[in-house]
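Heads up, the thing below is written out as structure tokens.
The values are calculated or read from the model by the stated rules, or taken from the named source; none is laboratory data. Everything numeric in this text was worked out from a predicted model, so none of it was measured. All Cβ positions, glycine included, derive from the backbone under ideal geometry; neighbour counts span all protein chains shown.
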Amino acid sequence: MKKRFMVLSLLVSTLILGAVTLFSSPGLAAGPPTPAPPAMTNPMGPRANMGHGNRFALMAELLGLSANQQQQIKAVLRGHRHQGSHLFRELRNNERQLRRIAMTAPFDAKAARALELKQADLRTRRLADRAEIRGKIDAILTPAQRQTAKILRELMHERHGRHMAKRGDGPRRGATMRGD
């Protein structure tokens, strides 16, 4: 008798809970339907469409670049695009080779050191390439634009540093190696 009562009360409570859930859903609720929120022009926020082209447009606006300056800077960037992509591809392939060597059972330290030296050389070349691009772009800018660009670079660098510290990829700016 108690078992039947327990099963029956469990069945009734399940049905009641299901009915409440069903009728509380927005499609079946009594009353007028609620209006949809207004469509947002950019649901991900103001930086969602910040691709390379949009970033260039933003920087051109912030620096007040003339049309001639924009064309010259785009020409500099186009000229270095192939070299930069080649270096990046080499860096990626080298990293893959390093991972393969690290996973082999008899670890080949000599090959790993050689790849690490090559990796360091590639990173140095990439850094030099970026410095060369920056020098060419700075030559196109006026002194006031150069000063503004320097400030913007510092702001971006600081923001990037905070981002990396949050991720735990490196020490925070001003922190010691002990983790202060």
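Within segment 98-128, track down each residue that is basic (Lys, Arg) and under 11 Å from residue 87 (Cα atoms). Can you show your working first?
Of segment 98-128, the ones basic (Lys, Arg) are 99-100, 110, 113, 118, 123, 125-126.
Those that are basic (Lys, Arg) and under 11 Å from residue 87 (Cα atoms): 123, 125, 126.
Determine whether residue 108 is at pLDDT below 90, among the charged types (D, E, K, R) and either more than 30 Å from residue 142 (Cα to Cα) or in contact with a strand residue (DSSP E or B) (Cβ under 9 Å, 6 or more places away or on another chain) (or both).
Details: at pLDDT below 90: yes; among the charged types (D, E, K, R): yes; either more than 30 Å from residue 142 (Cα to Cα) or in contact with a strand residue (DSSP E or B) (Cβ under 9 Å, 6 or more places away or on another chain) (or both): yes.
Answer is yes for this residue.
Counting just the residues of segment 66-90 that are of a type in the set (A, V, I, L, M, F, W, C) and at pLDDT 90 or above, which one comes out farthest from residue 119 (Cα to Cα)?
Within segment 66-90, the subset of a type in the set (A, V, I, L, M, F, W, C) is 67, 73, 75-77, 87-88.
Right, trim to at pLDDT 90 or above and you get 67, 73, 75-76.
Values: 67: 39, 73: 29, 75: 29, 76: 26 Å.
Ranking the qualifying residues of segment 66-90, first place goes to 67.
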